[in-house]
Amino acid sequence: MPIPPEVTGEEIDPDVRQELMSLPKGLAEDVSRNLVMVAQLIDEDPEKAYDYSRIALRLASRVAAVREAAGFAAYATQKYSEALAEFRAARRMSGGVELWPVMADCERGLGRPERALAMAGEPEVQKLDKAGQVEMRLVAAGARRDLGQLDAAIVTLQSPELASSAVHPWTARLRYAYADALLAAGREQEAREWFGKALEADKDGATDASDRLAEMDGVEFVDAFDEDESDESDESDVVDLEDEDDEDDRDGDKG
């Protein structure tokens, strides 16, 4: 697959570059450039990111960072079984626990929420940093909801991190998940309050809290494109009717 010439591979994370130093220089550069493409495309075009990840994997399957990137690309395209296999391989190579929450979420994606919950109770969770522990809590709450256990999902999300007024990169998502669980349980007033708190913390637009609040307030959004199409359709109808009137007039003249 073509890679833009401005992508040099130097854009890669320094830790990943360090891992790639075990490869011959030319090969390391090729792998780096493909990994940069994965990172650039994974949100806007996950299928294309996945294709680049497969190239990197073919070139350097024994590098943990490559297996991890391949896992995230597969995860983004909902290839959960493949993603889980790659994450497991990366974890075996690196010995770290950072991937534990996303591995548990893969189990959810495969329709196995019970396994995700079991992972939430494993010792690995205690080795995660604060962000990882919050992520694990989100996955566990999602697994409870998968099982129809709404009240348990709400309780799972109740934590010092949720109660804290401090804002961290994960704060908006945690508050949003709590609001969504409350709404699903029919606790609308509380849900509205927490969607508002999620919006306050969401400086990067990571959630659609503002849309959810507007929806709860009865505000309807109209797609401008659909509106334009509707206007064109109405104009077309008018023209057609005018044409029909002209034909009727001509028929009358002939008569």
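Among the residues of region 79-100, is there at least one that is aromatic (Phe, Trp, Tyr), touching a residue at least 24 places away in the same chain (Cβ under 8 Å), open to solvent by less than 50 Å² (accessible area, probe 1.4 Å) and under 24 Å from Lys130 (Cα atoms)?
Scanning region 79-100, I find at least one residue that is aromatic (Phe, Trp, Tyr), touching a residue at least 24 places away in the same chain (Cβ under 8 Å), open to solvent by less than 50 Å² (accessible area, probe 1.4 Å) and under 24 Å from Lys130 (Cα atoms), so the answer is yes.
Can you tell me how many residues within region 18-27 are open to solvent by 80 Å² or more (accessible area, probe 1.4 Å) and either touching a residue at least 24 places away in the same chain (Cβ under 8 Å) or closer than 11 Å to Ala65 by Cβ (or both)?
2
Matching residues to (1) loosely packed, with under 14 Cβ neighbours inside 10 Å; (2) at pLDDT 95 or above; (3) touching a Pro at 6+ places or on another chain (Cβ under 9 Å); (4) not β-branched (Val, Ile, Thr):
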residue: Tyr178; (1), (2), (3), (4): no, yes, no, yes
residue: Leu183; (1), (2), (3), (4): no, yes, no, yes
residue: Gln189; (1), (2), (3), (4): yes, yes, no, yes
residue: Arg192; (1), (2), (3), (4): no, yes, no, yes
residue: Lys197; (1), (2), (3), (4): no, yes, no, yes
residue: Leu213; (1), (2), (3), (4): no, no, no, yes
residue: Gly218; (1), (2), (3), (4): yes, no, no, yes
residue: Phe221; (1), (2), (3), (4): yes, no, no, yes
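Check off (1) surrounded by 20 or more Cβ atoms within 10 Å (Cβ to Cβ); (2) closer than 15 Å to Tyr75 by Cβ for Asp43 and give me the number that stays unchecked.
(1)
Looking at region 24-69 only, could you name the residues that are of a type in the set (Asp, Glu) and under 20 Å from Met93 (Cα atoms)?
Across region 24-69, the qualifying residue is only Glu68.
The values are calculated or read from the model by the stated rules, or taken from the named source; none is laboratory data. This is a predicted model, so every value here is computed, not measured. In this analysis, Cβ positions are derived from the backbone assuming ideal geometry, glycine residues included, and neighbour counts consider all displayed protein chains. Note: accessible area is taken over every heavy atom of the protein model, side chains too, but ligands, DNA and RNA are not part of it. Shrake-Rupley method; radii C 1.70, N 1.55, O 1.52, S 1.80 Å.
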